[in-house]
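Asker: Below: one structure in structure tokens.
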Amino acid sequence: MILLKEHQKIDPDILADVSLDDLRRHISYDTRRFEPSKINLIRYEFDPAAGRDGFYSYYRIGAEWIDSAQSRSLIVTPKIQNIDFLEIFMTCLSTAESDDSFSDIYDIDFEARPVRSRSLSSILSPLLVVQLLMAVSRIVSRGLRRGYVSRAGNLPKVKGRVDIRRNERLNIITGHRERVFCRYDEYSADIPENRVLKRALHIARDMIALMRDHRVYSTLAAMCNRCISAFSCVSDSFDCKMPVVKSNKLYRDYSDALRIAAMVLRRQDIAISRHDNQPDEYVPVFRIDMALLFEHYALAVMRRTFSRRAVQYQVAGYGGRFVADFLLDTGRHRAIVDTKYIDGISATVAKADYIKQLSAYARDKRLLRALGYDTTDDTTLPIVPCILIYPVTSHTVLDADTLFNHPVHETVNFYTCPLSIPVIR
């Protein structure tokens, strides 16, 4: 087992028995998505000028195998100690919209052999549970999907069609001519899709019971109970087959909810524990993009602080050259905001590459128009404020004033802003 922190150089001695050429070929260098057949948690960096030459863990955490025989595992843990992932997931998903693509932050491979890791066992399950509850809550708020379900029964009058053979055996021969055995279709919420979701909710309730010490336990438990009560008209029987859901604008959340439910069902035998004295547990091969998770967390905090309408997410500039994380328009302030999941940004120091990046965004007319500026006359365009948001573990408050509290030295309208990451204290 290779155990690393995020963005840490791998000691060459650890890879002494690994073919480095083979490792380079199987590494994914795509920073925006996961490639299932590749190694996603490490990268090879070659930069003689900067003195970097070797394998590094990336801004991703998780567990995966680095060889085709699945004999050598790689575990990458967060660089920030004691991150409260449950609080982060709750915050992200409480304001999430359907086009936010929150599912892009993680990848789970249930087909690969599970990896033994105690340090990661308390991260994956809360992610799936919270995401399931948020998806099902949206379904419940709009009403459960209904469909025609085949029924059969011995009825006092004909309904549907008569099952001749069973009616003769049960009623005609025995002399109970006052009843008739029928088969019929009933328009009901007791459809396979809802049965799968109800089964997943029961598993989620068991997982939540293991989070009793967390401050959001009561909120999660109440949310889960409300969801389960909405499925009271749905049978508890479940045949382990995942139904195929056709797209429907009225029930657009079902596909996402069933995808998450399938992962919860496969994850049900993995216990959630936040105690270091518990024995090691197995987790499926999975990865979480911490930079993208921090971006979604910042989005949720900004939406909660300034309202949904004030924050535009992932706005593309002219020709797709630049994509701004956030365009902020509070009425009083307008700014281009970007998140960086790195350490060491302060009010007086910011990396030149980040300043160049946001300065380019501030000159893209499509982004300026999205912020409400009139771009017909270049001479009247203001210098648009640019803000870099970075994580800290100390307590900070994000509001319209603190965004502009830390100007970067020798720049015009360029600021850095710390954002508190929830930690377990």
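The values are calculated or read from the model by the stated rules, or taken from the named source; none is laboratory data. Fair warning: this is a prediction, and the values are worked out from it, not measured in the lab. Every residue, glycine as well, gets a Cβ built from its backbone with ideal geometry; the counts of neighbours run over all protein chains shown. Each accessible area value is taken on the protein alone, full model and side chains, heavy atoms only, with ligands, DNA and RNA left out. Shrake-Rupley method; radii C 1.70, N 1.55, O 1.52, S 1.80 Å.
Asker: Just a yes or no: is a residue in the stretch 185-203 in contact (Cβ under 8 Å) with a residue 12 or more places away in the chain, open to solvent by 90 Å² or more (accessible area, probe 1.4 Å) and more than 30 Å from Ala221 (Cα to Cα)?
Answerer: Within the stretch 185-203, one or more residues are in contact (Cβ under 8 Å) with a residue 12 or more places away in the chain, open to solvent by 90 Å² or more (accessible area, probe 1.4 Å) and more than 30 Å from Ala221 (Cα to Cα).
Asker: Given the criteria at pLDDT 85 or above and under 27 Å from Tyr59 (Cα atoms), does Pro418 qualify?
Answerer: yes
Asker: A follow-up question, please. Pull up the stretch 312-328, narrow it to residues that are in a strand (DSSP E or B) and open to solvent by 60 Å² or more (accessible area, probe 1.4 Å), then point me to the one that is modelled with the highest pLDDT.
Answerer: In this case the residue turns out to be Gln312.
Asker: For the stretch 369-405, what are the residues that are touching a strand residue (DSSP E or B) at 6+ places or on another chain (Cβ under 9 Å), part of a helix (DSSP H, G or I) and either among the small types (Gly, Ala, Ser) or under 17 Å from Asp325 (Cα atoms) (or both)?
Answerer: Of everything in the stretch 369-405, those that are touching a strand residue (DSSP E or B) at 6+ places or on another chain (Cβ under 9 Å), part of a helix (DSSP H, G or I) and either among the small types (Gly, Ala, Ser) or under 17 Å from Asp325 (Cα atoms) (or both) turn out to be Ala370, Leu403.
Asker: Is it the case that some residue within the stretch 143-160 is of a type in the set (A, V, I, L, M), farther than 21 Å from Asn194 by Cα and part of a strand (DSSP E or B)?
Answerer: Within the stretch 143-160, one or more residues are of a type in the set (A, V, I, L, M), farther than 21 Å from Asn194 by Cα and part of a strand (DSSP E or B).
Asker: Kindly check whether there is at least one residue in the stretch 355-365 that is open to solvent by 70 Å² or more (accessible area, probe 1.4 Å), out of contact with any helix residue (DSSP H, G or I) (no Cβ under 7 Å at 6 or more places or on another chain), farther than 27 Å from Ser103 by Cα and among the hydroxyl-bearing types (Ser, Thr, Tyr).
Answerer: No: zero hits.
Asker: With the checklist (1) open to solvent by 20 Å² or more (accessible area, probe 1.4 Å); (2) assigned to a helix (DSSP H, G or I) in hand, flag the one item Leu220 doesn't pass.
Answerer: (1)
Asker: Going residue by residue through the stretch 295-307, is there one that turns out to be under 30 Å from Thr402 (Cα atoms) and modelled with pLDDT under 90?
Answerer: Looking through the stretch 295-307, at least one residue is under 30 Å from Thr402 (Cα atoms) and modelled with pLDDT under 90.
Asker: Here is a check on your reading of the model: is Glu178 in a loop (DSSP other than H, G, I, E, B) and out of contact with any Leu (no Cβ under 8 Å at 6 or more places or on another chain)?
Answerer: yes
Asker: Taking the stretch 366-388 on its own, how many of its residues are open to solvent by 70 Å² or more (accessible area, probe 1.4 Å) and touching a Ser or Thr at 6+ places or on another chain (Cβ under 6 Å)?
Answerer: The total comes to 1.
Asker: Exactly one of these conditions fails for Ser28: (1) polar (S, T, N, Q); (2) closer than 30 Å to His214 by Cβ; (3) surrounded by 14 or more Cβ atoms within 10 Å (Cβ to Cβ). Give me its number.
Answerer: Exception for Ser28: condition (2).
Asker: Quick check on the stretch 1-20: of everything there that is open to solvent by 80 Å² or more (accessible area, probe 1.4 Å) and in a loop (DSSP other than H, G, I, E, B), which residue is nearest to Ile42 (Cα to Cα)?
Answerer: Looking at residues that are open to solvent by 80 Å² or more (accessible area, probe 1.4 Å) and in a loop (DSSP other than H, G, I, E, B), I get Met1.
Asker: Separate question: Filter the stretch 50-88 for residues that are part of a strand (DSSP E or B), open to solvent by less than 20 Å² (accessible area, probe 1.4 Å) and free of Cβ contacts under 8 Å to residues at least 60 places away in the same chain; which is nearest to Val285 (Cα to Cα)?
Answerer: Taking the candidates together, the pick is Ser57.
Asker: Identify, from the list Asp22, Asp100, the residue that is under 30 Å from Arg252 (Cα atoms) and among the charged types (D, E, K, R).
Answerer: Asp100
Asker: Ok, one more. So in the stretch 89-141, with the set limited to residues that are in a loop (DSSP other than H, G, I, E, B), among the hydrophobic types (A, V, I, L, M, F, W, C) and over 13 Å from the mean Cα position of the chain (by Cα), which one is surrounded by the fewest Cβ atoms within 10 Å (Cβ to Cβ)?
Answerer: Phe110
Asker: Please go through the stretch 389-425 and pick out each residue that is open to solvent by 60 Å² or more (accessible area, probe 1.4 Å) and polar (S, T, N, Q).
Answerer: Listed by number, the residues that qualify are Thr393, Ser394, Asn405.
Asker: Sticking with this one: From the list Asp378, Asp353, Asp399, Asp338, which one is within 31 Å of the chain's Cα centre (by Cα) and free of Cβ contacts under 8 Å to residues at least 12 places away in the same chain?
Answerer: Being within 31 Å of the chain's Cα centre (by Cα) and free of Cβ contacts under 8 Å to residues at least 12 places away in the same chain holds for just one of Asp378, Asp353, Asp399, Asp338, which is Asp353.
Asker: Right, here's the next one. Among the residues in the stretch 265-281, are any modelled with pLDDT under 90, open to solvent by less than 30 Å² (accessible area, probe 1.4 Å), within 30 Å of Ser57 (Cα to Cα) and out of contact with any strand residue (DSSP E or B) (no Cβ under 9 Å at 6 or more places or on another chain)?
Answerer: yes
Asker: When you scan the stretch 333-341, do you find a residue that is open to solvent by less than 20 Å² (accessible area, probe 1.4 Å), in contact with a Ser or Thr (Cβ under 9 Å, 6 or more places away or on another chain) and part of a strand (DSSP E or B), even just one?
Answerer: No, the conditions are met nowhere in the stretch 333-341.
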